């Protein structure tokens, strides 16, 4: 695309020299063309980045959910181990109490039995202390696991909230695009399926106009029927000021070689047709020109790659791409 734009710029400079038109006008046209192409590429990059950000968030959510499941299993095991230790502790405590009572009963009895009982009591006391130490350690481990689980749960809740908000905005953008499609279809009811189609793809509305509806072969002059369709479309754009508009000219793969013309090839023809459509949309309307971008795609984005007359006819078209405002979506992504 960069080489193609450079070719267009070189051509404009050559035409300026040949036709003796003031150079300032063509330099202005060159700068404007570059700006429109850069804006279109930036929007495509942002759209791709949005999709990647959404997929990355979903992947991170899956990892966190898996980690949360593992932490819950560890917590359950730690709780079971603590319960067993507590049960052992209670049993030893009971035995210790019994031994103390037995010692008091036998304190005046046989000295050997008393000493044996005392040794057993001391062993039980030591075992009890060890169990107490083990239980404290288990309690600390349990508290640590609970803390980690709480932190993971909090992070998961935050990511869930962000994903829900992102999905709401995406759904809203889809509804906006669908509503826009319905408005455009209603405005162009008499033209749809008669050289004009309106589709919704990737959150954008595409208004595709066949060559026969707008232009004669190898021409960029729009006939009356085509102007009528574009003016109806301009009315929809006036009522929806947040919609960005890109006009793309497309040709077939037959080389453009007129005997006498200010144009050189299909690149020139596609750009010329796009700018002609821009002027018709702006004529007599209140549309802000900053919303419009004119682009020539030449023969390099066909809808039908076959080398047949029907395919070439489909490829000779002009597409008006309507993009809803994505500012809220970008603000949410940048906030994280």
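For residue 31, are the conditions met, namely being closer than 24 Å to residue 202 by Cα, part of a helix (DSSP H, G or I), modelled with pLDDT of 75 or more and within 33 Å of the chain's Cα centre (by Cα)?
The answer is no for residue 31.
Looking at (1) surrounded by fewer than 21 Cβ atoms within 10 Å (Cβ to Cβ); (2) assigned to a helix (DSSP H, G or I); (3) touching a residue at least 24 places away in the same chain (Cβ under 8 Å), which is the only condition residue 264 fails?
Single failed check for residue 264: (2).
Can you tell me how many residues within the stretch 219-249 are assigned to a loop (DSSP other than H, G, I, E, B) and surrounded by 14 or more Cβ atoms within 10 Å (Cβ to Cβ)?
4
How many residues does the stretch 109-140 hold that are within 23 Å of residue 74 (Cα to Cα) and in contact (Cβ under 8 Å) with a residue 12 or more places away in the chain?
Residues flagged as within 23 Å of residue 74 (Cα to Cα) and in contact (Cβ under 8 Å) with a residue 12 or more places away in the chain within the stretch 109-140 amount to 6.
Considering only the stretch 282-310, how many residues are outside any loop (DSSP other than H, G, I, E, B), more than 28 Å from the chain's Cα centre (by Cα) and modelled with pLDDT of 95 or more?
The qualifying residues number 1.
Filter the stretch 250-261 down to the residues that are in a loop (DSSP other than H, G, I, E, B), under 37 Å from the mean Cα position of the chain (by Cα) and surrounded by 17 or more Cβ atoms within 10 Å (Cβ to Cβ) and list them by number.
251, 252
May I ask you to verify whether residue 161 is modelled with pLDDT under 80, exposed (fewer than 12 other Cβ atoms within 10 Å of the Cβ) and within 30 Å of residue 243 (Cβ to Cβ)?
Spelling it out, residue 161 is indeed modelled with pLDDT under 80, exposed (fewer than 12 other Cβ atoms within 10 Å of the Cβ) and within 30 Å of residue 243 (Cβ to Cβ).
For the stretch 283-294, how many residues meet the condition of being surrounded by fewer than 22 Cβ atoms within 10 Å (Cβ to Cβ) and closer than 20 Å to residue 30 by Cα?
Residues in the stretch 283-294 being surrounded by fewer than 22 Cβ atoms within 10 Å (Cβ to Cβ) and closer than 20 Å to residue 30 by Cα: 4 in total.
Given the criterion over 30 Å from residue 203 (Cα atoms), surrounded by 15 or more Cβ atoms within 10 Å (Cβ to Cβ) and at pLDDT 85 or above, identify the matching residue among 106, 138.
Just one listed residue meets the conditions, 138.
Yes or no, residue by residue, for (1) over 16 Å from residue 326 (Cα atoms); (2) in a helix (DSSP H, G or I); (3) free of Cβ contacts under 8 Å to residues at least 60 places away in the same chain:
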position: 142; (1), (2), (3): yes, yes, no
position: 153; (1), (2), (3): yes, yes, no
position: 170; (1), (2), (3): no, yes, no
position: 178; (1), (2), (3): no, yes, yes
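For the list (1) out of contact with any strand residue (DSSP E or B) (no Cβ under 8 Å at 6 or more places or on another chain); (2) in a helix (DSSP H, G or I); (3) more than 30 Å from residue 92 (Cβ to Cβ); (4) at pLDDT 85 or above, I need the number of the one condition that residue 174 fails.
Result: residue 174 fails condition (4) only.
Taking the stretch 8-28, which residues are buried (at least 16 other Cβ atoms within 10 Å of the Cβ) and modelled with pLDDT of 70 or more?
26
Of all residues in the stretch 190-206 being in contact with a helix residue (DSSP H, G or I) (Cβ under 6 Å, 6 or more places away or on another chain) and part of a loop (DSSP other than H, G, I, E, B), which is surrounded by the most Cβ atoms within 10 Å (Cβ to Cβ)?
If we take residues in the stretch 190-206 being in contact with a helix residue (DSSP H, G or I) (Cβ under 6 Å, 6 or more places away or on another chain) and part of a loop (DSSP other than H, G, I, E, B), then 191 is surrounded by the most Cβ atoms within 10 Å (Cβ to Cβ).
So if I check each of 39, 58, which one is at pLDDT below 85 and touching a strand residue (DSSP E or B) at 6+ places or on another chain (Cβ under 7 Å)?
39
From 166, 209, grab the single residue that is assigned to a helix (DSSP H, G or I) and either surrounded by 13 or more Cβ atoms within 10 Å (Cβ to Cβ) or in contact (Cβ under 8 Å) with a residue 40 or more places away in the chain (or both).
166
The values are calculated or read from the model by the stated rules, or taken from the named source; none is laboratory data. It should be emphasised that the depicted structure is a prediction, and the values quoted were computed from it without experimental measurement. A quick note on method: Cβ atoms are made from the backbone with ideal geometry, for glycine too, and the neighbour counts reach across all protein chains shown.
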